[in-house]
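Everything below concerns the one structure shown next.
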Amino acid sequence: MIPSSSFLLPLAGGVLIGLSATLLLALHGRVAGISGILGSAISTTVAPKERRWRLEFLLGLAGAGALLRLLVPEQFSSSPASSLLVVGLAGALVGFGTRLGSGCTSGHGVCGISRLSLRSMVATLTFIAFGALTVFLVKQLGGAA
């Protein structure tokens, strides 16, 4: 087992994210913007061939998370914030915001910054700033973030 204080799991996660983004770009010529991939996967206007790789990519993401949960269950919190309802609601709100803002942390933060895109750097700094502001406000209002 890997201790929860270890840096190895986050490092492995970062390597896998970079590898998957690189493979998607190399094999499909596409940037790994998860919100865009999901939005197009559920769209009725996307060609079946385009939809297929998107669904496979999303299944890989979910499958990797499920596998990690089985292999390293202590890395998953048992707090109320980890309930499927809360996580689902949070995901829906993030998805709405990324579609509204035409970009997501994976597309800008991983792929855009690696291409030295100024637009992506500004977007990523904005994501981080609003994330920090959200944590601050939730803590000030007595919640746990």
Checklist outcome for this item: Considering segment 22-37, residues that are within 25 Å of Val72 (Cβ to Cβ) and under 12 Å from the mean Cα position of the chain (by Cα), and then whichever is surrounded by the most Cβ atoms within 10 Å (Cβ to Cβ), we arrive at Ala32
Item to check | Failed criterion for Phe7 (all others in (1) aromatic (Phe, Trp, Tyr); (2) loosely packed, with under 11 Cβ neighbours inside 10 Å; (3) at pLDDT 80 or above hold) | outcome: (3)
Item to check | Hits in segment 6-33 - residues which are within 16 Å of Leu58 (Cα to Cα) and outside any helix (DSSP H, G or I) | outcome: Arg30, Val31, Ala32, Gly33
Next on the checklist: Take the conditions over 17 Å from Arg115 (Cβ atoms) and not acidic (Asp, Glu) and apply them to Arg51. Does it pass?
Outcome noted: yes
Checklist outcome for this item: Counting only residues that are over 16 Å from the mean Cα position of the chain (by Cα) and modelled with pLDDT of 85 or more, segment 50-69 contains a total of 5
Checklist entry - Assuming Gly103 fulfils every condition listed in (1) among the small types (Gly, Ala, Ser); (2) assigned to a helix (DSSP H, G or I); (3) modelled with pLDDT under 75 apart from one, which condition is it? => result (2)
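Consider segment 21-38. How many of its residues are touching a helix residue (DSSP H, G or I) at 6+ places or on another chain (Cβ under 8 Å) and farther than 13 Å from Arg54 by Cβ? Even if it seems obvious, please write down each step before you answer.
Here is the first cut: in segment 21-38, the ones touching a helix residue (DSSP H, G or I) at 6+ places or on another chain (Cβ under 8 Å) are 21, 24-25, 28, 30-38.
Remaining after also requiring farther than 13 Å from Arg54 by Cβ: 21, 25.
Within segment 21-38, residues that are touching a helix residue (DSSP H, G or I) at 6+ places or on another chain (Cβ under 8 Å) and farther than 13 Å from Arg54 by Cβ number 2.
The values are calculated or read from the model by the stated rules, or taken from the named source; none is laboratory data. Quick caveat: nothing in here was measured; it's all calculated off a predicted structure. Please note: Cβ atoms are built from the backbone with ideal geometry, for glycine as well, and neighbour counts cover all protein chains shown.
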